[in-house]
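Comments concern the structure below.
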Amino acid sequence: SLASTAITCFTRGLDLRKGTEDVLCPANCPLWQFYVFGDGVYASLSSVCGAAIHSGVITNAGGAVRVKTLPGQENYPAVNANGIQSQVLSRWASSFSVTAGPKSTALEAVGRSVSTARPSTGKRPKKTLDKKAGNKDCKADIAFLIDGSYNIGQRRFNLQKNFVGKVAVMLGIGTDGPHVGVVQASEHPKIEFYLKNFTAAKEVLFAIKELGFRGGNSNTGKALKYTAQKFFSLESGARKGIPKIIVVFLDGWPSDDLEEAGIVAREFGVNVFIVSVAKPTTEELGMVQDIGFVDKAVCRNNGFFSYQMPTWFGTTKYVKPLVQKLCSHEQMLCSKTCYNSVNIGFLIDGSSSIGESNFQLVLEFVSNVAKAFEISDIGSKVAAVQFTYDQRPEFGFTDHATKEKVLSAIRGISYMSGGTATGDAISFTTRNVFGPVKDGPNKNFLIVLTDGQSYDDVRGPAAAAQKAGITVFSVGIAWAPLDDLKDMASEPRESHTFFTREFTGLEQMVPDIIRGICKDFLDSKQ
């Protein structure tokens, strides 16, 4: 039959079900977005239309392709053909090949009529708008940390600028696309321009051309730490919810240590890539203080965040694969931090033994913990429940989308006064406060604050909360029995149980609670 299936630019071989299938590729797929592995025989992870253009079966105008499933193999080669750089893959479970598909005139006609059916008047102005908007599919705020040390020298520094310029252009910079800035690493780091300075590729190119070579030691660690801490402020153009990326260009090796800078970058939610060029030869290894410098600095040591080029000469073929990496925002594992990806529920004891003035100290503690997190509709969220024998939800996770509103809601909590049924309160909070967000992306934490013995069992409800994926911290004050506190806390209980004789002692615990949340968050990500 001549029935071809219309597919998208991103349909992969493994998305097709039949042994032989006729498909129709759309026109104008963005070449730089194709992932293709191999040559002639392609790993089924590859984009079908990308493979078809790579092998010359169709052009970027699209068309009919016949896809044949083949067994997996080892060592798919990387070959540059027809504007697409395919990538190496050591092995994959299945493959496919592509040949020209049957010319089904009906479909060809449909394809054509769709493209000419657009009223030409509407088309022109849209083009210019789109160019300004940039590539909307690439979500990234990027700092290029370029090497300005004596290691690289003036001549290669200029080649590095050309390469960075090509990457910037291919990224599709625009108001709604990626934004970039440049920092030069040498003896001391210098921010050359920020994310907010330019939103058009032409301007960025000009700014890169103007950069002067600084020279000095290659203090990349110092520059990386500085960039992670200073470059991505909202004032200088960083956008909420867009992955922050630093691409470190390194000629040879750094003069200082990268480990601490890598840790700081991860804490700040920055994804670090290292592009190492002309890496140290066997003779030079004696001069390198830490041979594993790349692994220490990158976001994750999984191969994705490191990139190697043998020299600065003939680097054009390396532009697109790097751009593809920078635009795969689902791979940016370091964007999620404990500060922007947690839900923290506070369960606040409102029993009569506390008293009004101590209750204010409890609220102050709650505020100080909440303050440390990046609260927003796409970030961390906070909720609070007050309990005596009864429970009173003060506000839920979705009620307040900014830190200011959360802090003002905490200030507005009035003291109930009454008995203490902590177990019931935990069950209530698990069901009604955490229930609605249990399938969300954030990790869930419950902080139970109490000053006395509970009238009911706390062990069962706490175990149920933990089973529902909630990490429980117990904070006891005054007469709260240590056994109850330990029974409520998550494992390891020592690090999740806190106690102070006096309400004034709550303040000292704030940093430890924040650190505890961050530690649990990181442990859950490993």
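The values are calculated or read from the model by the stated rules, or taken from the named source; none is laboratory data. Please read these numbers as outputs of a predicted model, since none were measured by experiment. All Cβ positions, even for glycine, are placed from backbone atoms using ideal geometry, and neighbour counts span all protein chains on display. Note: areas computed on protein heavy atoms with side chains; ligands, DNA, RNA excluded. Shrake-Rupley method; radii C 1.70, N 1.55, O 1.52, S 1.80 Å.
Determine the principal axes of the Cα atoms in region 5-100, then give the extent along each, sorted from largest to smallest and rounded to whole angstroms.
In descending order, the Cα extents are 31, 28, 18 Å.
Roughly how much of Met287 is accessible, in Å² to the nearest 10, using a 1.4 Å probe?
Surface open to solvent at Met287 totals about 120 Å².
Return the sequence-ordered ³J(HN,Hα) values of region 151-168 in whole Hz as given by the Karplus equation 6.51 cos²θ - 1.76 cosθ + 1.60 applied to θ = phi - 60°, using x for Gly and Pro.
Ordered by residue, 3J(HN,Hα) equals 3, 8, x, 4, 5, 6, 4, 5, 5, 4, 4, 4, 5, 4, x, 5, 4, 4 Hz.
Quickly estimate the mean residue ellipticity at 222 nm for the chain, helices only: each DSSP H run with n ≥ 4 gives -39500 (n - 2.57), and the total goes over all residues, rounded to 500. Numbers along the way, then the final one.
Values: 16 runs with 169 residues, N = 526.
The helix-only estimate for the chain comes to -9500 deg cm²/dmol at 222 nm.
Treating only the Cβ of Lys, Arg, Asp and Glu as charged (+1, +1, -1, -1), what charge dipole size does the chain show about its Cα centre? Round to the nearest 20 debye. Show your work: numbers first, answer last.
On the way: 57 positive and 51 negative charges, 624 e Å.
Roughly 3000 debye for the chain.
Hey, if you drop one equal point scatterer on each alpha-carbon of region 141-331 and run the Debye formula without solvent, what base-10 log of I(q)/I(0) do you get at q = 0.08, 0.10, 0.14, 0.16 Å⁻¹?
Scattering profile of region 141-331, log10 relative to I(0): -0.22, -0.34, -0.70, -0.95.
Around Val67, under 13 Å between beta carbons, what's the net of Lys plus Arg minus Asp minus Glu among the other residues?
Working: positive: Arg12, Arg17, Lys18, Arg66, Lys68; negative: Asp15, Glu21, Asp22.
Net charge around Val67: +2.
What is the calculated FRET efficiency for Glu374 to Leu285, with r their C-beta to C-beta distance and R₀ = 60 Å, to the nearest 0.05? Walk me through the intermediate numbers first.
On the way: r = 42 Å, r/R0 = 0.69.
My answer for the efficiency is 0.90.
With N set to the residue count of region 153-227, report its C-alpha Rg divided by 2.2 N^0.38 Å to two decimal places.
1.11
Given Thr69, Tyr35, Ser90, which one lies farthest toward the positive end of the charge dipole of region 5-100, if we put +1 on the Cβ of every Lys and Arg and -1 on the Cβ of every Asp and Glu?
My answer, from the dipole projection, is Thr69.
Using modelled backbone amide H atoms (1.01 Å from N, in-plane), which distant-in-sequence or interchain residues come within less than 5 Å of Gly216's amide H?
Hits under the 5 Å cutoff: Tyr150.
Compute the separation of the alpha-carbon centres of region 286-326 and region 423-470 and state it in Å as a whole number.
45 Å
Could you give me the ³J(HN,Hα) list for region 290-301, computed from phi with Karplus coefficients 6.51, -1.76, 1.60 and θ = phi - 60°, whole Hz, x at Gly and Pro?
Here the 3J(HN,Hα) series is 9, 4, x, 4, 5, 4, 6, 9, 5, 4, 9, 7 Hz.
Find me the longest stretch of the chain that has none of the exposed GluC sites (Glu not before Pro), where exposed means in a DSSP loop (not H, G, I, E or B) with at most 16 other Cβ atoms within 10 Å. Could the numbers behind the result be given before it?
Working: sites that count: Glu210, Glu235, Glu283, Glu284, Glu374, Glu502.
That would be 1-209.
Taking N as the number of residues in the chain, what is its alpha-carbon radius of gyration divided by 2.2 N^0.38 Å?
Working: Rg = 28.3 Å, N = 526, 2.2 N^0.38 = 23.8 Å.
Compared with the compact-globule rule of thumb, the chain sits at 1.19.
Would you pull out the residues with amide H under 5 Å of Asn343's amide H, same chain only if 5 or more places away, H placed 1.01 Å from N?
Lys381, Lys443, Asn444, Phe445
Using only alpha carbon pairs under 8 Å that are at least six residues apart, calculate the relative contact order of region 5-100 and give it in whole percent. Kindly include the intermediate steps, with their values, before the conclusion.
Numbers: 251 pairs, mean separation 31.5, N = 96.
Relative contact order for region 5-100 comes out at 33 percent.
Using only Cα atoms, figure out Rg for region 342-523 and give it as a multiple of 2.2 N^0.38 Å. It would help to have the intermediate numbers written out before the result.
Working: Rg = 14.5 Å, N = 182, 2.2 N^0.38 = 15.9 Å.
Here the answer is 0.91, to two decimals.
Return the tail of the calculated pair distribution for region 231-289, meaning the percent of Cα-Cα pairs more than 15 Å apart.
The calculated P(r) of region 231-289 puts 61 percent of pairs beyond 15 Å.
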